[in-house]
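The values are calculated or read from the model by the stated rules, or taken from the named source; none is laboratory data. Note that the structure is a prediction, hence the values are computed from the model and not measured. Cβ sites come from the backbone with ideal geometry, for glycine too, and all protein chains shown count toward neighbours. The area values use the complete protein model at the heavy-atom level, side chains included, leaving out ligands, DNA and RNA. Shrake-Rupley method; radii C 1.70, N 1.55, O 1.52, S 1.80 Å.
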Amino acid sequence: GPMPAVKVVAATVELKEWTDQIEALGTAYANESVTLTAKVTETVSSVNFRDNQEVETGAILVELTDRAEVANLREAQAAYEDAERQYRRLADLQKQGTIGKAQLEQQQSTRDQARARVQAIRARLSDRVITAPFAGQLGMRQVSPGTLVTPGTVITTLDDVATIKVDFSVPETFLSAITVGEQIRATSAAWRGEQFAGQIESIDSRVNPVTRAVIVRARLGNQDRKLKPGMLLSVRLQHAPRQTVVIDELAIV
């Protein structure tokens with residue numbers, strides 16, 4: 001008998017707006033990050049923060065013992081004030097012609113040396129007070145009152161995580177499709193179904209000759225602190241939309 005009619009799926013070719021998507025894996029980094037360490041060898045007198053505490057710029061985190069330096073500062077300050085008084089007295093005598101200019105200049109040198117010693121001691125005292133260089137979230141506390149610290153001893157970490165930077169690699173074939181300021185979406189396995197919006201901040205000036213890929217850095221808002229430095233993120237960015245001919249793929253044999 002006759003062959004039955006062949007069933008087909010028909011679709012109309014249309015002109016629609018189309019957007020290419022680029023997907024990549026990236027690593028999250030804090031906007032600013034630092035490991036706080038001691039600058040001098042001394043014992044900890046007080047610790048003024050808790051684990052994971054939010055701090056402001058200039059907050060005093062740790063104070064080291066400074067009794068000896070405070071005593072030295074008082075002595076140096078007294079010596080400077082005495083040298084200043086002597087200088088003023090000799091300056092009046094020099095105006096009257098009682099002493100020579102050389103004697104006044106010698107006293108001026110003595111005064112300047114005393115002032116420099118005061119400034120040096122104050123600088124050493126500032127090294128015994130460890131403050132937050134910027135606002136952010138502290139890590140785990142690594143010292144306790146009475147701990148003897150030395151230069152390089154880790155006290156804690158400080159991260160500005162209100163904004164998260166994410167670095168990801170893009171093949172060089174897509175260089176023409178990415179621009180600074182372009183919007184991206186990032187997802188994390190820790191927060192399934194949630195997307196984090198951001199935009200491209202910079203594109204590396206070099207292409208890796210081995211992988212033929214370029215590093216792209218984007219910035220994401222993180223006001224709720226859900227993203228943490230070191231997390232793996234899936235990044236998706238969309239190329240500028242264009243008009244193109246489209247058809248349902250089921251209609252193509």
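Compute the helix-to-body angle for 67-95: its Cα long axis versus the longest principal axis of the chain, expressed 0 to 90° and rounded to tens. For helix 67-95, the angle is close to 60 degrees.
Taking the Cα centre of the range 186-253 as origin and assigning +1 to Lys and Arg Cβ atoms and -1 to Asp and Glu Cβ atoms, the resulting dipole is close to 340 debye.
About the Cα centre of the range 174-223, what is the dipole size in debye to 20, counting +1 per Lys and Arg Cβ and -1 per Asp and Glu Cβ, all else neutral?
Taking the Cα centre of the range 174-223 as origin, the dipole is about 120 debye.
Mean residue ellipticity at 222 nm, helices only, the chain: -8000 deg cm²/dmol; runs of at least 4 DSSP H residues each add -39,500 (n - 2.57), and the sum is divided by the number of residues.
Please report the projected area of the chain's Cα convex hull averaged over all directions, in nm².
Details: hull surface 108.6 nm².
Spelled out: convex hull of the Cα atoms, projected over all directions, averaged, 27.1 nm².
Where the accessible area of the range 173-238 is counted over protein heavy atoms with a 1.4 Å probe, how much of it, in %, is carbon and sulfur? Spell out each step's value before the answer.
Details: 2120 of 4170 Å².
On the range 173-238, the fraction of accessible area on carbon and sulfur atoms equals 51 percent.
Here's the list of lysines a cross-link from Lys228 could span, going by alpha-carbon distance under 25 Å and ignoring same-chain residues fewer than 8 apart: Lys165. Taking the three principal axes of the alpha carbon atoms in the range 1-126, the coordinate ranges are 138, 39, 20 Å, sorted in descending order.
Given Tyr29, Phe49, Ala79, which one lies farthest toward the positive end of the charge dipole of the range 1-143, if we put +1 on the Cβ of every Lys and Arg and -1 on the Cβ of every Asp and Glu? Result: Ala79. Rg over Rh for the range 197-253 works out to 1.13, using Cα positions for both radii and the Kirkwood form for Rh.
Remark: the range 138-253 is approximated by an ellipsoid whose semi-axes, taken from the C-alpha gyration tensor as √(5λ), come to 40, 19, 12 Å, largest first.
Residue order by solvent-accessible surface for Val34, Val253 is Val253, Val34, largest first, with ligands and nucleic acids left out and a 1.4 Å probe.
Loop-resident chymotrypsin sites (Phe, Trp or Tyr not before Pro) (DSSP state other than H, G, I, E or B) in the range 124-193 with no more than 15 further Cβ atoms inside 10 Å of their Cβ: Phe134.
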